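Colleague: Take this structure first; my questions come after.
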Amino acid sequence: MENMLEKIRRTAEYIRGAVGEMPGIGIILGTGLGDLVNHIEISAQIEYRSIPDFPVSTVEGHSGKLIFGRLGGKYIMAMQGRFHFYEGYDMKQVTFPVRVMKELGVKTLFVSNAAGGMNKEFAVGDVMVITDHINLFPENPLRGRNYDELGPRFPAMTEPYSARLIELADKVAAEEGIRLMHGVYVGTQGPTFETPAEYEYFRIIGGDAVGMSTVPEVIVANHAGMEVFGVSVITDLGGKDIKEVPSHEEVQKAAVKAQPVMTRVITEVISRL
């Protein structure tokens, strides 16, 4: 199998050659949350399919472009569409873009997703700052050979989401009167939505929201020494007393409705870095 380091460097070299100046801030946009791109002063964009070794998203609502430009007065790069374990990619492929971002010089990573809420205080449309996560994926992206150039064999996960950036987001929310929730994100394989009993189980073990992404990317970002800020848009609610049947279409609609709040928070946090 080809050396992972060679793939990362080849991909990074292609992007650097196509774009030129590289940013220190990266953003991964999830289901229905790609509208943040409309607030970026775009200077360059590359379709995933044209990037060597890059996967291509197969999920509706994921555009599949790498965007470069200015947001909140800062130069950033954004993934408009991410990759999921349930699509059939292995964990190395799912997290490959994070490795490439690090190689390009990204030090701060913003991640977003659509999630189902089981915290009784949550409402559909809430934006939850991720304070921690519980990894229930059947695979870890760091399993296998460890490249010391990429990070340590046993990385600490004591602060997977930056306390500094969470404090900054809270300050933004307080100043602008934004309802900003906090919570623990549970990452699962998918692609099925959760049963009422599963929602209840996730709540009992300490989860506030659940989704099918984010955790692998955050693990790799921490392995690489990146500072991470994560937000979930609560697109549906679940539990033993909830009878609504979720669908991907309803999740997308709820995500779109919540986009202005998420966009405002992320943009303002970036502007204050």
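The values are calculated or read from the model by the stated rules, or taken from the named source; none is laboratory data. Fair warning: this is a prediction, and the values are worked out from it, not measured in the lab. Glycine also receives a Cβ, built like all others from the backbone with ideal geometry; neighbour counts cover every protein chain displayed. Each accessible area value is taken on the protein alone, full model and side chains, heavy atoms only, with ligands, DNA and RNA left out. Shrake-Rupley method; radii C 1.70, N 1.55, O 1.52, S 1.80 Å.
Colleague: Collect the residues in region 109-140 that are in contact with an Asp or Glu (Cβ under 8 Å, 6 or more places away or on another chain) and buried (at least 23 other Cβ atoms within 10 Å of the Cβ), keeping them in residue-number order.
Modeller: Leu109, Val111, Gly116, Gly117, Met118, Met128
Colleague: Let me ask you something else. Among Gly177, Gly238, Gly225, Gly190, which is the only one that is at positive phi and more than 17 Å from the chain's Cα centre (by Cα)?
Modeller: The conditions single out Gly177.
Colleague: Assess whether Arg49 counts as being farther than 25 Å from Thr263 by Cβ, touching a helix residue (DSSP H, G or I) at 6+ places or on another chain (Cβ under 8 Å) and either of a type in the set (S, T, N, Q) or surrounded by fewer than 22 Cβ atoms within 10 Å (Cβ to Cβ) (or both).
Modeller: When the stated conditions are applied, Arg49 does not pass them.
Colleague: Here is a check on your reading of the model: is Leu150 more than 28 Å from Glu268 (Cα to Cα), open to solvent by less than 50 Å² (accessible area, probe 1.4 Å) and among the hydrophobic types (A, V, I, L, M, F, W, C)?
Modeller: yes
Colleague: A follow-up question, please. Within region 149-163, how many residues turn out to be touching a residue at least 60 places away in the same chain (Cβ under 8 Å) and not small (Gly, Ala, Ser)?
Modeller: So the count comes out to 7.
Colleague: Only residues that are open to solvent by 30 Å² or more (accessible area, probe 1.4 Å) and either β-branched (Val, Ile, Thr) or in contact with a Ser or Thr (Cβ under 8 Å, 6 or more places away or on another chain) (or both): list them for region 201-212, please.
Modeller: Ile204, Ile205, Met212
Colleague: Given Gly144, Gly73, Gly64, Gly116, which one is on the phi > 0 side of the Ramachandran plot, of a type outside the set (S, T, N, Q) and touching a strand residue (DSSP E or B) at 6+ places or on another chain (Cβ under 7 Å)?
Modeller: The conditions single out Gly64.
Colleague: A further question follows. From the list Glu194, Glu176, Glu198, which residue is open to solvent by less than 30 Å² (accessible area, probe 1.4 Å) and among the charged types (D, E, K, R)?
Modeller: Result of the check over Glu194, Glu176, Glu198: Glu194.
Colleague: Continuing with the same structure: What are the pairs with Cβ atoms under 7 angstrom where one residue, in region 250-273, is over 13 Å from Ile178 (Cα atoms) and the other, located anywhere, is at pLDDT below 85 and small (Gly, Ala, Ser)? Sequence gap at least six, or different chains.
Modeller: So the pair list comes out as Val251/Gly32; Gln252/Gly32; Gln252/Gly61; Ala255/Gly32; Val256/Gly32.
Colleague: Pairs, please: C-beta under 6 Å, at least 6 apart or cross-chain, first residue farther than 12 Å from Ile76 by Cβ and acidic (Asp, Glu) and in region 27-56, second surrounded by 19 or more Cβ atoms within 10 Å (Cβ to Cβ) and at pLDDT 95 or above?
Modeller: So the pair list comes out as Asp53/Thr11.
Colleague: Something else about it: Pairs, please: C-beta under 6 Å, at least 6 apart or cross-chain, first residue touching a residue at least 40 places away in the same chain (Cβ under 8 Å) and in region 79-93, second of a type in the set (Asp, Glu) and surrounded by fewer than 18 Cβ atoms within 10 Å (Cβ to Cβ)?
Modeller: Met91/Glu139
Colleague: Among the residues of region 237-273 satisfying the criterion of being at pLDDT below 85 and acidic (Asp, Glu), which is most open to solvent (accessible area, probe 1.4 Å)?
Modeller: The qualifying residue most open to solvent (accessible area, probe 1.4 Å) is Glu244.
Colleague: Tell me, which strands (runs of 3 or more DSSP E) wholly within region 168-273 include 2 or more residues that are closer than 17 Å to Ser112 by Cα and not hydrophobic (A, V, I, L, M, F, W, C)?
Modeller: Result: 180-187, 227-237.
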